[in-house]
Amino acid sequence: MKQTTKNRIVLYGLILITVLIIFLMQSFNVKEQKLTLTDYLDTVCDFTVYSRSKKPLDSCVDYLKKMDAELSASDESSSLYQLNIGKSVNLSEDALDLIEFGKNFGSENPDLFSIYLNPLVTAWDIKNNTGYIPDVTKALEDVTAEKSINLGGVAKGFLTDRIIEQLQADGVTSALINLGGNAYAIGKKPTGENWKIGIQDPKNESELIGIVTAENLAVITSGDYQRYFELDGVRYHHIFDPTTGYPAQSGLRSVTVISENATLADALSTAIFVAGVEKGIELLNKYNVRGILVTDDTVYFSKSLENIFKQLNFSYKYKFIY
């Protein structure tokens, strides 16, 4: 009996060592795959993926290219552009899902968010504008008539979610994706640490207001410092108020929403930016997500972020919002 027990112990030990060796061999085969793209979504897209091959990353990049070509409101060859000028097109299932989400979210928050702002985007042309204030009367009429779709307020979040799903389906357990301010952390770093995502100071691109440590979370930021021009001391940026036709002037400089759902977080960061601090806090509560709202002098942040949000810039006041 004693010999049998001893044999079992030896056998279990050998099995454990074998499993450990296999695990270590697999771990050593995992490599860091990094890529930065500047030709898609009109922004900078950064990928850091830990995988034993480049295939998962390549698949995600192929998907991003495909969807960007389909959803661009400015590319005359895109399906969305053709739809906006009245042509009959076949949209992918993902494009239809994205448009449906945008419609529904806009219906829930009609004064704060709309996917029909393309006439305003075109009239203002913030990317190329150096100081021209357009007459938005006709553009607002077209917005109300829901004539032309622009998915800029939610597309990056939606594509982030789809890319994360694809990476996880390919067995990736450690990655950080950032599509122009739409960041998502899968799991932890291979070292066992959580990912660290910086929140930019809207008044100084070389400074951070803080760092969020994230695991399986989206950290989505919208701000007035990304695309804008200034005229007579006023900043005209790319986030429009659907009720006025002008860039939102809510007192907020940036909004970060933290959630497992990047699509919702992207739409919410836009809506909250238009809404301002008080109503923005109501929206965070309504959708049961956490947020960081930045004005010229104050950083408001959800109390439940206390353990994962490190405050860095004390030229601001930091206040809990709930």
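The values are calculated or read from the model by the stated rules, or taken from the named source; none is laboratory data. Every value quoted in this text rests on a predicted model; they were computed, and no experiment measured them. Neighbour counts run over all protein chains shown; Cβ positions are idealised from the backbone, glycine included.
At a glance:
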| quantity | calculated |
| --- | --- |
| Of residues in the stretch 32-42 being part of a strand (DSSP E or B) and among the polar types (S, T, N, Q), the one surrounded by the most Cβ atoms within 10 Å (Cβ to Cβ) | GLN33 |
| Long-range neighbours under 9 Å by Cβ, at least six apart or interchain, first residue in a helix (DSSP H, G or I) within the stretch 126-154, second modelled with pLDDT of 90 or more and of a type in the set (Ser, Thr, Tyr) | ALA139/THR122; LEU140/THR243; LEU140/THR244; ASP142/TYR116; ASP142/SER148; VAL143/SER114; VAL143/TYR116; THR144/TYR116 |
| Candidate set: the stretch 167-209, residues that are out of contact with any Asp or Glu (no Cβ under 9 Å at 6 or more places or on another chain) and part of a strand (DSSP E or B); chosen: the one modelled with the lowest pLDDT | GLU205 |
| Candidates ILE126, ILE133, ILE149, filtered to the one that is of a type in the set (A, V, I, L, M) and under 20 Å from the mean Cα position of the chain (by Cα) | ILE149 |
| Within the stretch 67-93, considering residues that are outside any loop (DSSP other than H, G, I, E, B) and free of Cβ contacts under 8 Å to residues at least 24 places away in the same chain, the one nearest to LYS196 (Cα to Cα) | ALA69 |
| Residue that is surrounded by the most Cβ atoms within 10 Å (Cβ to Cβ), among those in the stretch 218-251 that are of a type in the set (Ser, Thr, Tyr) and within 19 Å of ALA267 (Cβ to Cβ) | SER222 |
| Residue within the stretch 255-272 that is touching a residue at least 24 places away in the same chain (Cβ under 8 Å), part of a strand (DSSP E or B) and of a type in the set (Gly, Ala, Ser) present | yes |
| Output for the stretch 43-64, where each listed residue is within 14 Å of the chain's Cα centre (by Cα) and in a loop (DSSP other than H, G, I, E, B) | THR43, VAL44 |
| For GLN82: the one exception among (1) surrounded by 12 or more Cβ atoms within 10 Å (Cβ to Cβ); (2) farther than 23 Å from THR144 by Cβ | (2) |
| Residue match in the stretch 225-245 (condition: under 14 Å from the mean Cα position of the chain (by Cα), assigned to a strand (DSSP E or B) and not aliphatic (A, V, I, L, M)) | no |
| Looking only at the stretch 161-217, and only at residues there that are basic (Lys, Arg) and more than 24 Å from LYS55 (Cα to Cα), the one that is surrounded by the fewest Cβ atoms within 10 Å (Cβ to Cβ) | LYS196 |
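Table: residues versus (1) among the hydroxyl-bearing types (Ser, Thr, Tyr); (2) farther than 19 Å from LYS156 by Cα; (3) in contact with a strand residue (DSSP E or B) (Cβ under 9 Å, 6 or more places away or on another chain).
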| site | (1), (2), (3) |
| --- | --- |
| PRO202 | no, yes, yes |
| LEU217 | no, no, yes |
| GLY233 | no, yes, no |
| ARG253 | no, yes, yes |
